[in-house]
Each structure stands twice: as structure tokens, then as C-alpha cells.
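What follows is a structure written as C-alpha cells; I'll ask about it next.
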2 protein chains.
Amino acid sequence: MDKAEKYDKPDKCAEKREAIIQAALELVAEQGFHGAPMAMIAEKAGVGAGTIYRYFENKDDLIRWIYKNVEERFVEVMMQGYPEHGPVRERLVHIGTALVRHLINEPLQLRFVEQFHNSPYGVDHRREKIFGQQKKDIISELFDEAVAQQIFKPLELAILFSLFFGPLVDICRDHILGFIKLDDALIEQVVGACWDALRR
Amino acid sequence: MDKAEKYDKPDKCAEKREAIIQAALELVAEQGFHGAPMAMIAEKAGVGAGTIYRYFENKDDLIRWIYKNVEERFVEVMMQGYPEHGPVRERLVHIGTALVRHLINEPLQLRFVEQFHNSPYGVDHRREKIFGQQKKDIISELFDEAVAQQIFKPLELAILFSLFFGPLVDICRDHILGFIKLDDALIEQVVGACWDALRR
DNA sequence: TATAAAGGAATGAACGGTCATTCCGCGAAA
DNA sequence: TTTCGCGGAATGACCGTTCATTCCTTTATA
């Protein structure tokens, strides 16, 4: 039964890979990088320790791959139903609300990203994000536009991002850890408060 | 010369202890906990590896002791010149400005605290801070008062703290890492923005 | 179809390196 | 001479990574 189930699936490789990713995501999110040795990831994923190295070059590679995917998911979520032609406030509230809703539904993703940001990778990543800026993304464009239209305070993008996203992420973490209890009304209030910080 | 200097001081023990603390603070701040092994702390402090254990029970003890002291320094700085009887806005601006000025003058302390917060200690510490709350501190009292007077939005303390302190700390980090350049005028604008987030 | 060999995926014990902590000999102070 | 702080090699635990071996699937053969 076990064996039949195991081998009649055509994509067992992809499944193993997924199991490794999920195990690593959970362990890093819940215990930090210290608490996620490769042997433990392997055990949790139900594979041998060496197997991980068939799918990922090394631990760094695994961690970066997960981060990249999680971050992409964040952007996707914020862009889903994005009111591209609405007023600035509506667009910003959409982004903030979508992000918060997603983060509290996927606590592991939030915790993982936080662990990543506070690690040797983190600084390099932020530097690249602030200075690299080869192709402006939609969110940066929205902020630039709002500054140009004198809707936002005339501050650098990095500062505006901190004012808006910083508290939202902090508050999601507090919700996940059980320190506060977010509901729809409260999310709206908090996003509104972050908007107030940006508004001229 | 070295020896003479070393032993004619009456408080050489306290000096050694200070050297250990300073070395640990610097290494953790600059490299994270991974990059601050006890042997390296000892070398940087100019003492033997075993000597650290004459002053601190173990690494945890050392780290917690440093954290406690750094945090106390933060509170001291915010309370220095605190306009106790001024209007709420003035008091809040004082706190925010004093904190930012101190953080950018003492980048190691900021980086150390951030490392601490993102570690197994961090969550427990925050939980204790939010729920423990045996004796209200002056800052909490200020926020409570502002909510009661309907100057602030009617939100929980944890949320108001995130709205105010979250961005300030983020921005100081960006300054330290060279991503932005804070000056007095900019600090005032940013603190003002955080105030706007709280204001009803 | 039945059997056997080949090929590649998976395994987990073993390796080299690092870490926190211990412990014992040394040398300064009394 | 005795005492005691100190140093740093030694210890044992742990971690990322490797690799010889095993196991499963596919292909070749009769």
C-alpha cells in the first residue's frame, strides 16, 4: 500500500523536493537558522541527509531558493486585484491590507523572511534592493508617483517604505506570536495609520 | 611599560570585564551571533578564552548582561531632558529624537539589540515586555495618557509602539548601513511622520 | 512473459571543522 | 611558600558535507 502509493506517482522527485523545502521553511521559521541543521531538515522531510544535496547545492542555496520564492509570493499577493487606476490611497490600502492578510495566514513565511533579513544574507540583500534597483517595480512606482503629486511627504523611498511596511510587519509578528489579535477592522485601522505617516 | 601600566591600576579586574563586554558587543553587532565565538571575543578583548568564564557564567549570561545594559542606556537617553510637563507632542518628539540621535551615535548598540531581538531570546523578551508589564514605565504612561485624552488613535500599546518606534529603528539601521543619510532636519521630519501615524 | 543486468536516485555513517566550555599548569602577589 | 587569577590547549558535542553502498526502476535478453 505504502509502496504502491509511493511509486505510481509520476512526480515523486518534485514531491521530495517540496518536502525538503517545506521542512526547511518550518524549521527555520520556528527555530531560526541555529535550530535547523541539515540532518533535522532531512528527518522532518522524510529523506536521507545526503538527498538534500541532490536538489540543492548546499544549505545557502536551499535557504536562498526558499527566500526568493516566498518573496515572490508576497509580491503576487499584493498585486492580486491591485486597483491599478484607482487613487493613490486606494492602491496603498490594497497593498497593505493584502500583505497583512497574507502574512497572518502564512506565519511561517513571515517568520522565515524575518530570520533571513537578520542574517549575513540580509544586509547584502537590502543593499542590492535599495541600490540595485535596475527595474522599478510597481510599488516603487506608486510611491514615486505619490511623492511627485505631493500626496506623500517628500522623503526618500527607503524611508517611506520603512514608515509603511515596517509597522505592518511588526504588527503581523505580534499577531502570530499571540501578543495582539488582528481582525479586519483592526487591520484597516493600522493600514490607515501607516497611510497617515506617509501623507503630506 | 605594558606591565607597569597593566598592574598599577587598582581596577584591572573591572577593566578586563569591560574589555570582554566591549569585544562581545562589537563582534555580535558587526557579525551576528554566528560571527562571535567565545575564542574570538577573548582574543579581541586581549584575554584568554577561559578568563571570560571568571566574569560570566556562560555565553548566554554574557549576552543577556550586555543586552540589559544597552537597553537601560536607551531608556536613560530618552529620559534625559524629558519635558515631563510639556504637551504630549513635545514629549513624544523628545523621545523619538533622543533615541534616533543616540542610535546613530552608537551603531554597535543598535546592531547588537537587533541581533538579540532576532534570536531565541528575542521572542521571550518581547512576550515578557508586553505581558509582564508589572511596573508601567514613563513611556507607556505617556502613550496611555495620549490615548485617554483622545490625542492618539484608540489602539493597543503594542501597536502604537510599532507605529512609532518601528520605523525609527529601521531608519537608523539604514543610516548606519549607509543606505540613507540622516541629518537633524531629516530626523525631525521622520519623527514627525511617526507622530502623524499615532495622531487621531 | 520471465529473468537479469544496468543506471541512477537515495541513504546514512563517517569526516573535517567549529564551537562552548573545562581544566590544569604557570606565574604574580602576599 | 601558599594562594589565586589567568591562559590556552584539551574535550566533547554538533554541524555541513561527502561518498561508498544499497535499493528501485528501467531496459535488455531469451
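Show the residue pairs meeting these rules: Cβ distance below 8 Å; 6+ apart or different chains; first residue within segment A:28-56 and hydroxyl-bearing (S, T, Y); second residue assigned to a helix (DSSP H, G or I) and within 8 Å of DNA strand C (Cβ to nearest atom).
Close Cβ pairs satisfying both conditions: A:T51/A:K16; A:T51/A:A42; A:Y55/A:K16.
State which residue is farthest from the other protein chains (Cβ to nearest Cβ) when the search covers only segment A:127-176 and only residues that are buried (at least 18 other Cβ atoms within 10 Å of the Cβ) and of a type in the set (F, W, Y).
It comes out as A:F143.
Continuing with this model, one more query. Restricting to segment A:17-38, give me the number of residues that are within 14 Å of chain B (Cβ to nearest Cβ) and more than 12 Å from DNA strand C (Cβ to nearest atom).
As a first pass, look at segment A:17-38 and keep what is within 14 Å of chain B (Cβ to nearest Cβ): A:27-37.
Retained after the next criterion (residues that are more than 12 Å from DNA strand C (Cβ to nearest atom)): A:27-33, A:35-36.
The total comes to 9.
Within segment A:70-172, which helices (runs of 4 or more DSSP H) (wholly inside it) include 2 or more residues that are more than 30 Å from A:V28 (Cα to Cα)? Give the steps one after another, and end with the answer.
Working: elements: A:88-105, A:107-117, A:120-127, A:138-148.
Here the list reads A:88-105, A:138-148.
Follow-up. Taking A:E188 as the residue in question, decide whether it is more than 10 Å from chain B (Cβ to nearest Cβ), surrounded by fewer than 19 Cβ atoms within 10 Å (Cβ to Cβ) and touching a residue at least 60 places away in the same chain (Cβ under 8 Å).
Numbers: more than 10 Å from chain B (Cβ to nearest Cβ): yes; surrounded by fewer than 19 Cβ atoms within 10 Å (Cβ to Cβ): yes; touching a residue at least 60 places away in the same chain (Cβ under 8 Å): yes.
Here the answer is yes, as A:E188 does meet what is asked.
Considering only residues of segment A:35-78 that are touching a helix residue (DSSP H, G or I) at 6+ places or on another chain (Cβ under 8 Å) and hydroxyl-bearing (S, T, Y), which is surrounded by the fewest Cβ atoms within 10 Å (Cβ to Cβ)?
In this case the residue turns out to be A:T51.
So if I check each of A:I41, A:I63, which one is assigned to a helix (DSSP H, G or I) and within 15 Å of DNA strand C (Cβ to nearest atom)?
A:I41
Also: Is there a residue in segment A:16-27 that is among the small types (G, A, S), more than 22 Å from A:I171 (Cα to Cα), assigned by TED's automatic domain parsing to the domain that holds A:E141 and modelled with pLDDT of 95 or more?
Our first condition is that a residue be among the small types (G, A, S); within segment A:16-27, this holds for A:19, A:23-24.
From the residues that got through so far, the ones that are more than 22 Å from A:I171 (Cα to Cα) too are A:19, A:23-24.
Of the ones still in play, those that are also assigned by TED's automatic domain parsing to the domain that holds A:E141 are none.
No, there is no match, as no residue in segment A:16-27 is among the small types (G, A, S), more than 22 Å from A:I171 (Cα to Cα), assigned by TED's automatic domain parsing to the domain that holds A:E141 and modelled with pLDDT of 95 or more.
Every residue in segment B:191-200 that is part of a helix (DSSP H, G or I) and either charged (D, E, K, R) or more than 9 Å from chain A (Cβ to nearest Cβ) (or both), please.
B:V191, B:D196
Hey, can you tell me all the residues within segment B:12-34 that are exposed (fewer than 15 other Cβ atoms within 10 Å of the Cβ) and either under 22 Å from the mean Cα position of the chain (by Cα) or of a type in the set (S, T, N, Q) (or both)? Please lay out each step first, then the result.
First, pick out the residues of segment B:12-34 that are exposed (fewer than 15 other Cβ atoms within 10 Å of the Cβ): B:12-15, B:18, B:30, B:34.
If the condition is that a residue be exposed (fewer than 15 other Cβ atoms within 10 Å of the Cβ) and either under 22 Å from the mean Cα position of the chain (by Cα) or of a type in the set (S, T, N, Q) (or both), then B:E18, B:E30, B:H34 are the ones that fit.
For segment A:44-53, give me the residue count where each residue is more than 8 Å from DNA strand D (Cβ to nearest atom) and under 26 Å from the mean Cα position of the chain (by Cα).
Total meeting the criteria: 3.
Would you check which residues across segment A:126-171 are in contact (Cβ under 8 Å) with a residue 40 or more places away in the chain, under 23 Å from A:E76 (Cβ atoms) and of a type in the set (V, I, T) and list them?
Result: A:I138, A:I139, A:V169, A:I171.
While we're on this one: Mind checking which pairs have a first residue in segment B:103-125 that is within 11 Å of chain A (Cβ to nearest Cβ) and closer than 11 Å to A:N118 by Cα and a second that is not in a helix (DSSP H, G or I) and not polar (S, T, N, Q), Cβ under 7 Å, 6 or more apart or different chains?
B:Q115/B:G32; B:Q115/B:F33; B:S119/A:G32; B:S119/B:F33
Taking A:G81, is it more than 16 Å from DNA strand C (Cβ to nearest atom) and on the phi > 0 side of the Ramachandran plot? Step through it out loud before you land on a result.
Details: more than 16 Å from DNA strand C (Cβ to nearest atom): yes; on the phi > 0 side of the Ramachandran plot: yes.
Yes.
So, in segment A:44-60, of the ones that are more than 10 Å from DNA strand C (Cβ to nearest atom) and of a type outside the set (S, T, N, Q), which residue ends up nearest to A:P107 (Cα to Cα)?
First, pick out the residues of segment A:44-60 that are more than 10 Å from DNA strand C (Cβ to nearest atom): A:44, A:56-60.
From the residues that got through so far, the ones that are of a type outside the set (S, T, N, Q) too are A:44, A:56-57, A:59-60.
Working: A:K44: 19, A:F56: 24, A:E57: 27, A:K59: 22, A:D60: 22 Å.
My answer is A:K44.
Can you confirm whether B:F179 is more than 24 Å from B:Y67 (Cβ to Cβ) and at the interface with another protein chain (Cβ under 10 Å from one of its Cβ atoms)? Let's see the steps before the verdict.
Numbers: more than 24 Å from B:Y67 (Cβ to Cβ): yes; at the interface with another protein chain (Cβ under 10 Å from one of its Cβ atoms): yes.
Judged against the criteria, B:F179 is a match.
If you don't mind, there's one more thing I want to ask. So, in segment B:96-118, exactly how many residues are buried (at least 21 other Cβ atoms within 10 Å of the Cβ) and within 14 Å of B:I187 (Cβ to Cβ)?
The qualifying residues number 4.
Check off (1) within 16 Å of DNA strand D (Cβ to nearest atom); (2) within 14 Å of another protein chain (Cβ to nearest Cβ) for B:I41 and give me the number that stays unchecked.
Only one criterion is unmet by B:I41, namely (2).
The values are calculated or read from the model by the stated rules, or taken from the named source; none is laboratory data. Everything quoted here is computed from the prediction, not taken from an experiment. Please note: Cβ atoms are built from the backbone with ideal geometry, for glycine as well, and neighbour counts cover all protein chains shown.
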